[in-house]
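J.: Got a structure for you, questions after.
Derivation of every value follows stated rules applied to the coordinates shown; laboratory data play no part. If you're wondering where the values come from, they're calculated on a predicted model, not measured in any experiment. Cβ coordinates were reconstructed from backbone atoms using ideal geometry, including for glycine residues, and neighbour counts include every protein chain displayed.
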Amino acid sequence: PGPNNLMLMASGANYGFARTIPHMLGISIGFIFMVVLVGLGLSQLFDAWPLTYTLLKGASIGYLTWLAWKIATAGQPKPGGTSGRPFTFLQAAAFQWVNPKAWTMALTAISAYAPDNSTRSIILVALIFGATNLPSVSIWVIAGREIRRFLTSPARLTAFNWTMAALLLASLLPVLTH
């Protein structure tokens, strides 16, 4: 699983399904937007200015490390689950631009399924992601919500949050080795 899935599972566990809906929608719509822009030529930026790839990689590593820390140190929710908040729609949509897995998926999908770079092919790829993304990410939130039943003690919730943070950091291994 990539950063989106791990963050959604942690959000489902910490905030529940309903409060995580904006996060899920932000991922889905933000990624569709990314796929379209990559298909329309944004990926050529990396060819024209290779330093942009290095800068994006550094920003991704830094931001995901910060997010992992925020997840690991999230406190025990107050009664009624009102403490803290999950990502907003805009935060989740913007996150796609520093998510290394989102970049990899967008670049690979466009090169594999829209090699002619026709607008029609690009839109088709984006629509397929749109149709499959929301149901897919919902599963991770539901899994987190169900895990929440077992996180009734502060020690269990802390262990869960640290585990999610460690897995988020582990998702950076492919980025760090290339």
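J.: Which whole-Hz couplings ³J(HN,Hα) result when phi for each residue of the stretch 64-70 is put into the Karplus expression 6.51 cos²θ - 1.76 cosθ + 1.60, θ = phi - 60°, listed in order with x for Gly and Pro?
T.: In residue order, the calculated couplings are 5, 5, 4, 4, 4, 5, 4 Hz.
J.: Round to the nearest 0.05 the FRET efficiency obtained for residue 40 and residue 163 when R0 = 30 Å and r is the Cβ-Cβ distance.
T.: 0.15
J.: According to a simple spin-label model (label point 7 Å from Cα along Cα-to-Cβ), what is the distance in nm between residue 127 and residue 108?
T.: Placing both labels 7 Å beyond Cα along the Cβ direction yields 2.4 nm.
J.: Which whole-Hz ³J(HN,Hα) couplings does the stretch 103-119 yield from phi under the Karplus relation 6.51 cos²θ - 1.76 cosθ + 1.60, θ = phi - 60°, glycine and proline marked x?
T.: Couplings: 4, 4, 5, 5, 5, 5, 4, 5, 5, 7, 10, 9, x, 7, 6, 6, 4 Hz.
J.: What residues have an amide H closer than 5 Å to that of residue 151, excluding those fewer than 5 places away on the same chain, when H is modeled at 1.01 Å from N in the peptide plane?
T.: HN-HN under 5 Å from residue 151: empty list.
J.: Taking the Cα centre of the stretch 3-176 as the origin and placing charges on Cβ (Lys, Arg +1; Asp, Glu -1), which of 172, 112, 55 is farthest toward the positive end of the dipole?
T.: Working it through, the farthest residue towards the positive pole turns out to be 172.
J.: Between residue 17 and residue 152, what length in nm is gained on full extension when 0.36 nm per residue of separation is reduced by their alpha carbon distance?
T.: Going from the current span to full extension adds 46.9 nm.
J.: Mind putting a number on the dipole of the chain about its Cα centre? Charges go on the C-beta only, +1 for Lys and Arg and -1 for Asp and Glu, and I need it in Debye to the nearest 20.
T.: Once rounded to the nearest 20, the dipole reads 660 debye.
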